[in-house]
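Notes to accompany the following structure.
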Amino acid sequence: MSEEIQTSEEAAGYRTIHPKTLKRAFWNWFFWNGCSQQAESMQGMAFAQSMAPIIDDLYESKEDKAAALKRHVSLFNTEPQVGSICNGIVSGLEEANANGACTPEVIESVKVALIGPTSAIGDSLWVGTIIPILLTICMTISQSGVSWLGPIVYMVVYPVGTAIVSWKLFQLGYKGGLEGMQSLMASGKLDRLTNAMVLMGLIVVGALTASYVTCTIPFGIVGDVFDATTGATTQTVIFDTNTMLDGFFPKLLPLLLTLWIYHLYTHKKWSPLAIMGLILVLAIVLTAIQYLTGYANVQAVAAAAAAAAA
């Protein structure tokens with residue numbers, strides 16, 4: 001039915017985008033959205049590459065095509081998965097522009113206006129919520145006894161799920177157009193959705209911190225304890241700082257470490273590479289202290305004894 005409507009519109013002189021062209025534009029964005037990241041235009045080159053099939057389909061003269069490509073290599077940045085709705089909306093605007101129902105200035109203004117909301121929703125929904133939840137599920141699967149299954153599930157579910165969601169959003173943007181996005185923003189639903197996703201993302205990150213971040217400090221009191229049953233004297237951890245801290249605030253050290261790393265990244269502007277280097281240095285220093293003081297050996301003996309008793 002849609003092809004019949006498209007044929008009648010083309011017969012009437014109305015230029016429309018062929019469905020195959022829309023798919024080509026989407027796949028261009030899906031596979032190449034991060035390949036042109038640079039300081040000058042961010043994802044501008046990738047956005048222009050996504051629009052190239054649509055521009056070829058809508059415009060005939062080289063001048064019109066060049067002008068369209070030029071306005072799309074300008075600065076653009078968003079979260080790529082959710083941000084595919086921007087490509088759909090701009091595709092609809094380009095179609096309107098080719099038929100005299102829109103202007104290039106409107107297209108450029110809309111692109112700039114979409115950067116903020118799509119980035120906020122995408123980072124909160126996709127990066128801050130969906131990816132951590134999927135990683136948590138896959139890591140749990142790997143720890144359940146079949147270590148290879150978790151990575152396989154992630155490698156299948158993530159790209160397939162991403163492609164489906166991104167394509168649906170691209171179609172939604174093209175069909176719903178700017179009016180649908182404007183009504184969503186005007187109704188306040190956008191702010192509520194963003195806040196809900198941020199809250200959910202924080203909950204997931206907190207659960208991941210408690211489950212997978214490990215941090216201990218090599219401070220405790222080690223003493224010789226006489227065992228009357230065996231008549232032997234063994235070194236035992238009389239006071240363990242980590243056990244004491246977990247007694248009144250479970251997972252306090254992993255929480256403090258996570259907040260400190262967050263502070264270095266967001267406020268001190270440390271790069272991820274510098275943060276990983278710092279964590280590596282701290283791990284080496286604290287591990288060396290454990291072995292030099294004999295604390296690690298006593299801990300190992302205590303853990304082996306507990307396992308044998310169990």
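We did not get these values from a lab; they are worked out from the coordinates using the rules stated. Bear in mind that the values here come from a model prediction, so they are computed numbers and not experimental data. As a convention, Cβ positions derive from the backbone with ideal geometry for all residues, glycine included, and neighbour counts pool all protein chains shown.
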For peptides 262-269, 206-213, sequence by mean Cβ density within 10 Å, most packed first
206-213, 262-269
Among 117-124, 282-289, what's the highest-first ranking by average C-beta atoms within 10 angstrom per residue?
117-124, 282-289
Report, ordered by chain and residue number, the lysines lying within cross-link reach of LYS70, taken as a straight Cα distance under 17 Å and ignoring same-chain residues fewer than 8 apart.
LYS62, LYS111
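Take peptides 59-69, 90-100 and line them up by average Cβ neighbours within 10 Å, highest first, as a rough protection proxy.
Numbers: 59-69: 13.4, 90-100: 20.5.
By packing density, highest mean first, the sequence is 90-100, 59-69.
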Using 14 Å as the cut-off for backbone N distance, which residues of the stretch 104-129 belong to the label zone defined by a point 7 Å from the Cα of ARG192 along Cα→Cβ?
none
In sequence order, what are the phi-derived ³J(HN,Hα) couplings for the stretch 268-278 according to the Karplus relation 6.51 cos²θ - 1.76 cosθ + 1.60 with θ = phi - 60°, rounded to whole Hz, with x for glycine and proline?
8, 6, 6, 7, x, 5, 5, 5, 5, x, 4
Which cross-chain or sequence-distant (5 or more) residues have an amide H under 5 Å from the amide H of TRP270, H modelled 1.01 Å from N in plane?
TYR265
